Amino acid sequence: MNDNDIKNIVIVGGGSAGWMTAAALSKLLYTKDTNIRLVESEEIGTVGVGEATIPHILYFNRLLGIDEDEFVRKTNATFKLGIEFVDWDKLGDSYIHPFGPYGRDMEGIHFHHMWLRQQKLGNVKPISEFNLPIQAAKAGKFQRPQPELPNSPLSTISYAFQFDAALYAKLMREIAEQRGVRRTEGKVVKVTQHPENGHIDSIQMENGEVIAGDLFIDCSGFKGLLIEETLKTGFDDWSHYLPCDRAITRLTERMDPLPPYTKATAKSAGWQWRIPLQERTGNGYVYSSKHLTDEEALASFNADLDGKPISEPKLLKFQTGIRKQPWNKNVVSIGLSSGFLEPLESTSLHFIQTAIARLMTNFPDKSFNQPDIDYYNQRTRLEYEQVRDFLILHYKATSRNDSPFWDYCREMDIPKTLEDRIAVYKENARLYRHDNELFNHVSWFAVFNGQGIHPKRYHPIANMLSEEELNNRLEALHTVTQKCQAVMPSHGQFLDQIMR
């Protein structure tokens, strides 16, 4: 090992962010000369709001060599085919943002253009009926994809999980410690910086122990013990675009049957989530304290719970935005210490995954090359901004005028990047995926269409098919989608096979 190589990595903070980072680094930095140490305090605890995920979690688990059935058993998990959004455009409306595609792309263009053309002709079924995950979610069904059937919608199923975040962190800890990660219990009471370059040299524990490191990873949550309290990095506040700044969480009894999707219901000053797990249900109300008091929010939250509460409510305060430099000097912030976007599209754990991947791509030596750090920060910011725009769309694309909160959202200024994307879609239904961004055209279309933004035209190539050919193709796609849903097992049956 070169003398300039990183030898000692110190992770400050546990929870999902800390232990996911520890597990991944222990897998990828397999040299025996690299020491990884995680410091956490059981007294401080974790936020733990991120129980629902998106499909990228599958790749992270596979990287760590986790058997999926074992993962489901150990984390109280259920399967997730998408998110149902209720009352977002107007009261009484609902739609599902699915993980799998609508129909099938044809003639070199996305399927929704063909559907829009048939809609103009006045003979079209709801586009949700061309989407297998949506149909399966509504019917309470689930199965894994069948790649051996490449021409069937069964091969295109994409899914994620709903699970207990604390149990997932426990699983990550087991993996990390098996691979040599050392855990230290206790609080950090002092941080020492290098007198010349300002890098973190060491942290001191409550019991007096001093832990030195070459690279420090801040997983201390909103507090940002190293990245903010020590390095004074600064924070870009995005609450103008995403005005919710509070969340109340509470557990209720297990649902039966178990829906294979997450539910997000818009309310007078925010939205309420429902995440069904095998043994309980996670619930939360994300709201704006400028438009609702904590007492009013709690009363509204409790009134709309689907089941009997089995825990006391917890209040969380947060600020949406991103650290000005997620990587500053020899400190990389991961998780809530790096930035926060509300859990509307279940992206919290995804940001942890991509931060770890980005760190490994730009893994430093003791020189801490500034261009590498700059690149990391640029890509991190771009990812956050792209997801931010997608979340803003949910609030902006509404016709609700029943409360001051929705009046604000409907009329607020939005980033030009989102403004331009809406303008393009309104004209000709075109959707682009920039810089390999997280959410693809299926996701953007689901929200545009589900929340009442309709284009004037569609791609002209859709006119290349005769009306008869178009009708035949869409009818065939509709028929096969319904047949595939009919043969799928129920979500409960699928889980029962795993839990035996």
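Please treat every number below as a calculation from the coordinates, not as lab data. Because the structure is a prediction, the values reported are computed rather than measured. Cβ sites come from the backbone with ideal geometry, for glycine too, and all protein chains shown count toward neighbours.
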Fill in: HN-Hα J in Hz across the stretch 320-327 - Karplus 6.51, -1.76, 1.60, θ = phi - 60°, x for Gly and Pro
7, x, 9, 4, 4, 9, x, 10
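Are there DSSP H segments in the chain that both extend 24 Å or more along their axis (alpha-carbon positions) and score a mean Kyte-Doolittle hydropathy of at least 0.0? List them, or say none. Could the numbers behind the result be given before it?
Working: long enough: 370-396 (38 Å, -1.19); 467-487 (31 Å, -0.72).
For the chain, where a helix must reach 24 Å along its axis and average at least 0.0, there are no hits.
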Fill in: Rounded to 5, percent antiparallel among DSSP beta bridges of the stretch 200-348
90
Worksheet item: Any idea what diffusion coefficient the stretch 426-500 gets from Stokes-Einstein, in µm²/s, Kirkwood Rh on alpha carbon pairs, 20 °C, 1.002 mPa s?
Response: 133
Fill in: At q = 0.07, 0.09, 0.11 Å⁻¹, base-10 log of I(q)/I(0) for the chain (Debye sum, equal scatterers on each alpha carbon)
-0.40, -0.66, -0.98
Worksheet entry | Burial ranking of peptide ranges 354-362, 145-153, 76-84 (average Cβ count within 10 Å, highest at the top) | 76-84, 354-362, 145-153
Practice prompt. Quick one: which residues, 5 or more positions from Leu38 or on another chain, have an amide H under 5 Å from its amide H? H modelled 1.01 Å from N in the peptide plane, none for Pro or chain starts.
Written response: Ile11, Arg182, Arg183, Thr184
Worksheet entry | For Ser288, distant residues with modelled amide H under 5 Å away | Asp245
Practice prompt. Go through the stretch 201-214 residue by residue and turn each phi into a ³J(HN,Hα) via Karplus (6.51, -1.76, 1.60, θ = phi - 60°); whole Hz please, and just put x for glycine and proline.
Written response: 8, 6, 10, 10, 8, 4, 7, x, 5, 9, 10, 8, x, 8
Worksheet entry | Percent antiparallel among DSSP beta bridges (both partners in the chain, rounded to 5) | 70
Worksheet entry | Interchain or long-range residues, amide H under 5 Å from Gln193's placed H | Asp201
Discussion item. Please list, in order along the stretch 231-241, the HN-Hα scalar couplings obtained from phi with the Karplus expression 6.51 cos²θ - 1.76 cosθ + 1.60 (θ = phi - 60°), rounded to whole Hz, x for Gly and Pro.
Written reply: 8, 6, 5, x, 9, 8, 7, 10, 5, 4, 8
Worksheet item: Using the alpha-carbon centroid of each, what span in Å lies between the stretch 422-473 and the stretch 161-205?
Response: 45
